[in-house]
Amino acid sequence: MPLVDWLLRHSVAMCLLLQSFVLMSFCFHSATTFPKGCYHADEEGYKTFRCSNAQLTAIPKDIPNDTNKLYLDFNQIAFIPNDAFQNLPGLVELDLSHNIITRVEIGAFRGLSENVRSLDLSSNKLASVNKDIFNNLKAKANLSGNPWLCDCTLQQLIKKVELVAGSSDGIVCAASTQEEHVGKPFLQLVGDMDFCNIYKKTTDIAMLVTMFGWFAMVISYLVYYVRQNQEDARRHLEYLKSLPSKQRKSEDSSTISTVV
Ligand SMILES: *[C@@H]1O[C@H](CO)[C@@H](O)[C@H](O)[C@H]1NC(C)=O
Ligand SMILES: *[C@@H]1O[C@H](CO)[C@@H](O)[C@H](O)[C@H]1NC(C)=O
């Protein structure tokens, strides 16, 4: 009887201990798997990972690798480093809107596949982005609501990327190579002018100068050549004139005879 009693009492204690262990490990486990404020859901067959409004200051490291849709909008992310989205082969939608992103490294989206169809970078602090960040991507992008610097870099970016329908008017110049562009939608300006033309013009001028130089050299050589020949001809004529007149007469008669 006391043995059974002992066992019962201790098993209850052991049970409690075990339970708290399980709970604790579960808590730790979920803490290391999911960043705070993020949750995982199955939405219409898409594995969705939502970290919207989670006070994130960087891209979370431990996003489940089977995620199809990733929402990181309304956070304080300022910087997208190289390989930020590696090991997400099934990703089709990426929302980075409403952050404070100022810089995107060239290899930021390197891990993503051609299956990504939507990339939202709207409402951030982007002023300039290299077109090569979109290498190998076919996603439709929303780039509106950023303080864009309207220059050749932006023109090349817009040329390369496909914009989400209806979002082009949201790409407004906050700064530009020309003062009067500020506050205007970039795509309206691009219709009238080529922001990369300035460089083309300078190379054109360099080409013209070089060509003109060559031309001048050829012409001056020609002039020199003709002058030299004229001198030679004159000297030859003088030489002929200086010959004895008898010889010249016979020469003359012979030419007349041949003419006759
Ligand atoms: C996710 O990672 C696990 C283990 O690392 C691997 O077995 C699985 O194939 C990966 N899934 C995808 C979709 O890559
Ligand atoms: C693009 O982003 C802007 C700013 O966040 C938003 O207002 C707009 O609805 C977005 N457009 C589309 C087509 O998603």
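The values are calculated or read from the model by the stated rules, or taken from the named source; none is laboratory data. Values in this document were obtained by computation on a predicted structure and should not be read as measured data. Backbone-built Cβ (ideal geometry, glycine too); neighbour counts: all protein chains shown. When the accessible area is computed, the model is the full protein with side chains, heavy atoms only, and any ligands, DNA or RNA have been set aside. Shrake-Rupley method; radii C 1.70, N 1.55, O 1.52, S 1.80 Å.
At-a-glance table
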| item | result |
| --- | --- |
| Options 122, 113; residue that is within 16 Å of ligand 1 (Cβ to nearest atom) and under 19 Å from the mean Cα position of the chain (by Cα) | 113 |
| Condition met for residue 152 (over 24 Å from residue 96 (Cα atoms), modelled with pLDDT of 90 or more and under 20 Å from the mean Cα position of the chain (by Cα)) | yes |
| Lone qualifier among 99, 135, 146 - being at pLDDT below 95 and either of a type in the set (Asp, Glu) or more than 16 Å from ligand 1 (Cβ to nearest atom) (or both) | 135 |
| Complete set of residues in segment 91-102 that are open to solvent by less than 30 Å² (accessible area, probe 1.4 Å) and more than 16 Å from ligand 2 (Cβ to nearest atom) | 91 |
| Checking residue 108 against (1) away from ligand 2 (no atom under 16 Å from the Cβ); (2) in a loop (DSSP other than H, G, I, E, B); (3) exposed (fewer than 15 other Cβ atoms within 10 Å of the Cβ), the condition it does not meet | (3) |
| Neighbours by Cβ (under 8 Å, 6+ apart or cross-chain): first from segment 172-185, touching a residue at least 12 places away in the same chain (Cβ under 8 Å); second open to solvent by 70 Å² or more (accessible area, probe 1.4 Å) and part of a helix (DSSP H, G or I) | 177/198; 185/169 |
| Condition met for residue 69 (within 16 Å of ligand 1 (Cβ to nearest atom) and free of Cβ contacts under 8 Å to residues at least 40 places away in the same chain) | yes |
| Residues (more than 12 Å from residue 122 (Cβ to Cβ) and part of a strand (DSSP E or B)) located in segment 141-159 | 149, 150 |
